[in-house]
Amino acid sequence: MREYIDVTGKNEDEAIAKALDQLGLERDDVSVEILERAKSGFLGLGSSPAKVRVYHGEEKEESIPKQDPVFKAVKKETPALEKKPERKEERKPEKKLEPMPRQDSVSQSVENPAPVACGEEVDDEKAQAIKTFLSGLLEQMGNPAEIHVYLPEKGRYKVILEGKNLGALIGRRGETLDAIQQLTSYAVNRSGSGRIRVQLDAENYREKREQSLQHLARKVANKVVKYHRSVTLEPMNAYERHVIHTALQDVPNVTTYSTGTDPNRRVIVSYDREKK
């Protein structure tokens, strides 16, 4: 059983932030169970804070035997129950397990989401620095593109690339896009005039990837609950791990936590009979 602490806050996000501050951990190092949601009340009367339970520490992962259906679903992706010897009497058709989707193939089953509205473009000092750096970088890569910069919230700049053949800038599972994003963030923030976050996107990849990960999380959670087994996902970056944690934080009997070190840090989806 993993250790946990219970924390309250004005809302769920504030309570989680307090817990992380107390533990000195990052969001993907813990799993969160919402015990009580915040209530605003009427004219300030009857309001109550949010209460969360934050699990931390390592938990021994339960091994999955090779003959187990979940193991087949994760490793082979085309699982089927072993056929039993034929009987003389009529028997019902055997049910086949639904294949466990791979992370890089889930997106095929998710409809393309509509692009998220970002508001009006900005052209402040940081936006100009982003455009200058990206223009030079993309020119050197031989993939010039139109660069649009938005400010959906203070301190976070959303950059949209538009053009032809942007697949090369996205790369396998967005690895190239992530690398360009990190380089841009480092280049813009090294001046020391206020740190910002840079989020880079092309062809609405981020939104499609997030929906794919949510779809994957639900599929894996169903298997975990059905077979009472833990499932270890493939390595993901911090943002993708956060998507998995968030997607499953309210799912009964399912808890998530991360193990390993970057770039091979993985999310483990585990069965928890005590979580309701």
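We did not get these values from a lab; they are worked out from the coordinates using the rules stated. Everything numeric here is computed off the predicted structure, so don't read it as measured data. Glycine gets a Cβ as well: all are built from the backbone with ideal geometry, and neighbour counts include every protein chain shown.
Quick rundown of the values:
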quantity	calculated
Distance in nm between pseudo-label sites at SER47 and THR259 (7 Å out along the Cβ direction from Cα)	4.2
Listed peptides 212-225, 248-261 by packing density, highest first (mean Cβ within 10 Å)	212-225, 248-261
Estimated FRET transfer efficiency when R0 is 25 angstrom, pair VAL122-ASN222 (beta carbons, to 0.05)	0.05
Compactness of segment 125-203 - radius of gyration and Dmax, Cα, Å	11.8, 34
Computed over segment 182-262: relative contact order in percent, which uses C-alpha pairs under 8 Å that are six or more apart	24
Calculated FRET efficiency for the pair ARG195/MET141, C-beta based, R₀ 41 Å, to 0.05	0.95
For segment 3-56, alpha-carbon Rg and Dmax in angstrom	11.8, 38
In range of the label at ASP178: residues from segment 217-241 whose backbone nitrogen is under 16 Å from the point 7 Å along Cα→Cβ	233-241
Cα-projected label distance for ASN165 with ALA238, points at 7 Å along beta-carbon direction, nm	3.4
